[in-house]
1. Sort out for me the strands (runs of 3 or more DSSP E) sitting completely within the stretch 268-343 that have 1 or more residues that are modelled with pLDDT of 85 or more, aromatic (Phe, Trp, Tyr) and over 15 Å from GLU354 (Cα atoms).
2. Which of the residues that make up the stretch 258-267 are assigned to a helix (DSSP H, G or I) and among the aliphatic types (A, V, I, L, M)?
3. If a residue counts only when it is closer than 30 Å to LEU320 by Cβ, which strands (runs of 3 or more DSSP E) contained entirely in the stretch 173-257 have at least 3 such residues?
4. Cβ-Cβ under 7 Å, sequence separation 6+ or interchain: first residue in the stretch 287-313 and more than 13 Å from THR343 (Cβ to Cβ), partner in a loop (DSSP other than H, G, I, E, B) and of a type in the set (S, T, N, Q). Which pairs?
5. With respect to GLY269, is the statement that it is without any contact (Cβ under 8 Å) to a residue 12 or more places away in the chain and at positive phi true?
6. Report the residue count in the stretch 231-247 for those that are within 25 Å of ILE264 (Cβ to Cβ) and either free of Cβ contacts under 8 Å to residues at least 12 places away in the same chain or basic (Lys, Arg) (or both).
7. It is to be established whether one or more residues within the stretch 69-82 are free of Cβ contacts under 8 Å to residues at least 60 places away in the same chain, out of contact with any strand residue (DSSP E or B) (no Cβ under 7 Å at 6 or more places or on another chain) and assigned to a loop (DSSP other than H, G, I, E, B).
8. Any residue that is under 26 Å from ASP337 (Cβ atoms) and touching a Lys or Arg at 6+ places or on another chain (Cβ under 8 Å) - is there at least one of those in the stretch 234-251?
Amino acid sequence: MKKLLVLAGMLCILLSVSSVAGAMDFGTITAHGLVLTPASVAGAAGLNLPAGTAPTSPNDGDIWTTTAGVYVRINGATIGPLTGGAGTITAVTGTGAISSTGGATPEISIADAVDDGSTKGAASFTAADFDATAGNIAIDYTNGQAAATAAKGFLTAADWNTFNGKQAAFSAYTLSEATSSVLTITNGEGAVVGAGDLTIAVKQASTSVSGYLSDTDWDTFNDKQVLITGAATTIDTEDLDTSRAVVSSAAGKIEVATTTATEIGYVNGVTSSIQDQLDATESYFITFTDGDLAAGVLTVEHDLGTQFCSVDVFNDSSKLCYPDDVTFSADTNCAVDLSSYGTISGTWGVRVAE
């Protein structure tokens, strides 16, 4: 029959024996087959290794326990204590940004990151610029630093709309002068922004076009008479009426008088004041109208007592008029022919003087 053997207390081995009475003590038990222990239950474990002292010279395969834990000897090395199922650290090394002093109890450190785009490491962040949630670091667009005139930072939506709404970049083109060869354009390359190259042409001046003066026209204008100013401006291009006296107008300009050259000839050779000569002579003066004429002839009765007299006729504008003929028929009268003047207007005057 099969019996359980209790080895050193609680180790039980199922043996094929006919009978077992009580506990049995054994020295070394060598099993030549499967050693099967009972399954652990709430009241007891199937195999019990009491805590003791580690063997001085353990053999491969030995298993023992101490108050520190469970130990095993494998391939000439003692492994243990096997506590908590985590094993034992024997050496730690580091690579990259992580460094270690080595051994089973090393000092582990992480180097600082460098802003060269390649050196990794530890870095801290400004609280106002970044948010961290579940290990993910993101820019804090609410409290972070926005870019401004003198500050670097993120681009706000308002600034983005401002920049996006600006004029698109211009293309540069060349400014040049065409046709006239009057202008000299320096650094015209790339001086124009717009849709293409720009040329400037200056028109040549003409009768109906304002523009630059050609050398031919300059010579023409340069050879012209200097501009006439002063009193002669009224006769710079006009011809005067023939055989008329010239006087100055109220504006100080030259103009033609009503006095003819013939009338001017009447005073030719005068050596003294005509008025004084008239005042020194006896004279007879009357006024008359067209009704006093008979067939254009005025008969003047006077008391000068001589036929050697001068006769002067004045029209209604006090202008001296020369009669067609004067006939003295007696010492006290004369006939003044004015028929060439036709019908006279207004009141005229006649003076008969010695």
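1. 283-288, 310-314
2. Once the filter is applied, which keeps residues that are assigned to a helix (DSSP H, G or I) and among the aliphatic types (A, V, I, L, M), the stretch 258-267 yields ALA261, ILE264.
3. Correct list: 244-248.
4. THR287/THR347; GLU301/THR332; HIS302/THR332; ASP303/THR332; GLY305/THR332
5. yes
6. Summing the residues that are within 25 Å of ILE264 (Cβ to Cβ) and either free of Cβ contacts under 8 Å to residues at least 12 places away in the same chain or basic (Lys, Arg) (or both) in the stretch 231-247 gives 7.
7. yes
8. no
The values are calculated or read from the model by the stated rules, or taken from the named source; none is laboratory data. Here the structure is a predicted model, which means the values were calculated and not measured. Reconstructed Cβ throughout: ideal geometry from the backbone, glycine too, with neighbour counts over all protein chains shown.
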